[in-house]
Ligand code: SAH
């Protein structure tokens, strides 16, 4: 029996209802099971205590519950926790718990490795092995929620898709996971507390807008000059800034939500007036704000955090143009949990 067992969380509610009807039971049973799986996050059928023993056995005969395991946990001096997450097939991704004042943010992964080639990012040095399943994304959120309760005495409050991978390259699974995270029959979190971060894939940004998603969007811009952007993010040759801008304008028209631009300033790359002016012009063309991210070195001398004066010059130019800009300080640096550093050294792949 075990070879043909399917992962029960790959089934929709309707499919589970059909299963129970086929087995001579009532469709209502599926709702009970669904609640255990997606609202209470149980990992074995025996934990479904309001089901009869025979129903639990029936489920166990037909299905498995593939779930993640927190393989290793590292805690930073600043409270950040990095988790190495082992997937059911042995592959490893990382998720990070970031405590900020009275909130807890989960930074989750969407792919094993990444297929994009951002020159400054540690994950980009890994091959993309596969997309995460919806339940593998969902489980990271549940695990971090549990850690937040255990270590900080409060539930998880925010989720950012800024871990390993490009979430829009795993569009369907990421959206399914968000549905389970936000739905009343799942974790019931507000979509307003979720931010999807993308390197900027215009067609998929348009699709998200048309699909009327309810969460926030962040775009890793890093340069508003096409030649610079494609030199540090080579995939951008195929997705010019003009297309990105019009996709973002479409996003705003459809959702009325402003975009957050993530932006790192590097010495000799984008720390001059020309780049500052280009960013201001870009921001003025779509309702947006800017998050200036501190750079986390990954062992490449070409990328060095710009001098504080350059960051100040960005801040004052943006302020003058009435564009909101904030600086995001690095967290979890001492445990390689900071932005762009996720590459799980345990996988044996040198970073
Ligand atoms: N692929 C998605 C999400 C993962 S990266 C994206 O590109 O948005 C999350 C953020 O970290 C992105 O803004 C990315 O550009 C940034 N980042 C990557 N490497 C970094 C590094 N070494 N230091 C600081 N930020 C980095």
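The values are calculated or read from the model by the stated rules, or taken from the named source; none is laboratory data. Predicted model, so just to flag it, every value in this text is computed and none were measured. Heads up, the Cβs are rebuilt from the backbone with ideal geometry, glycines too, and the neighbour counts pull from every protein chain shown.
When 291, 270, 296 are screened for being in contact (Cβ under 8 Å) with a residue 40 or more places away in the chain, closer than 29 Å to residue 209 by Cα and assigned by TED's automatic domain parsing to the domain that holds residue 206, only 291 passes.
Checked against (1) part of a helix (DSSP H, G or I); (2) buried (at least 19 other Cβ atoms within 10 Å of the Cβ); (3) more than 16 Å from the ligand (Cβ to nearest atom), residue 229 meets all criteria but (3).
When segment 252-267 is filtered for residues that are more than 16 Å from the ligand (Cβ to nearest atom), part of a loop (DSSP other than H, G, I, E, B) and in contact (Cβ under 8 Å) with a residue 24 or more places away in the chain, the ones remaining, listed by number, are 257, 258. Of the residues making up segment 209-226, those that are crowded, with 19+ Cβ neighbours inside 10 Å, touching a helix residue (DSSP H, G or I) at 6+ places or on another chain (Cβ under 8 Å) and in contact (Cβ under 8 Å) with a residue 40 or more places away in the chain are 209, 213, 216, 217, 219, 221, 222, 223, 224.
Taken over segment 212-223, the criterion of being in a loop (DSSP other than H, G, I, E, B) and either within 14 Å of the ligand (Cβ to nearest atom) or touching a strand residue (DSSP E or B) at 6+ places or on another chain (Cβ under 7 Å) (or both) is satisfied by 215, 221, 222, 223.
Listed here are the residues, each with its yes/no results for (1) free of Cβ contacts under 8 Å to residues at least 60 places away in the same chain; (2) within 16 Å of the ligand (Cβ to nearest atom); (3) outside the structural domain of residue 166 (by TED's automatic domain parsing).
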{"residue": "44", "(1), (2), (3)": "yes, no, yes"}
{"residue": "86", "(1), (2), (3)": "yes, no, no"}
{"residue": "90", "(1), (2), (3)": "yes, no, no"}
{"residue": "106", "(1), (2), (3)": "yes, yes, no"}
{"residue": "109", "(1), (2), (3)": "no, yes, no"}
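Would you please name the residue that is nearest to the ligand (Cβ to nearest atom), looking only at residues in segment 305-331 that are over 11 Å from residue 271 (Cα atoms) and assigned to a loop (DSSP other than H, G, I, E, B)? Among those residues, the one meeting the criterion is 330.
When 182, 195 are screened for being within 13 Å of the ligand (Cβ to nearest atom) and farther than 17 Å from residue 128 by Cβ, only 195 passes. Scanning segment 139-177 for residues that are without any contact (Cβ under 8 Å) to a residue 40 or more places away in the chain and closer than 24 Å to residue 203 by Cα, we see that the one that is nearest to the ligand (Cβ to nearest atom) is 171. Taking the listed residues 53, 31, 57, 82, the one that is surrounded by fewer than 16 Cβ atoms within 10 Å (Cβ to Cβ) and under 29 Å from the mean Cα position of the chain (by Cα) is 31, with no other qualifying. Residue-level analysis places residue 239 outside the set of residues that are more than 27 Å from residue 189 (Cβ to Cβ) and either in contact (Cβ under 8 Å) with a residue 60 or more places away in the chain or assigned to a strand (DSSP E or B) (or both). Taken over segment 286-303, the criterion of being at positive phi and away from the ligand (no atom under 12 Å from the Cβ) is satisfied by no residue.
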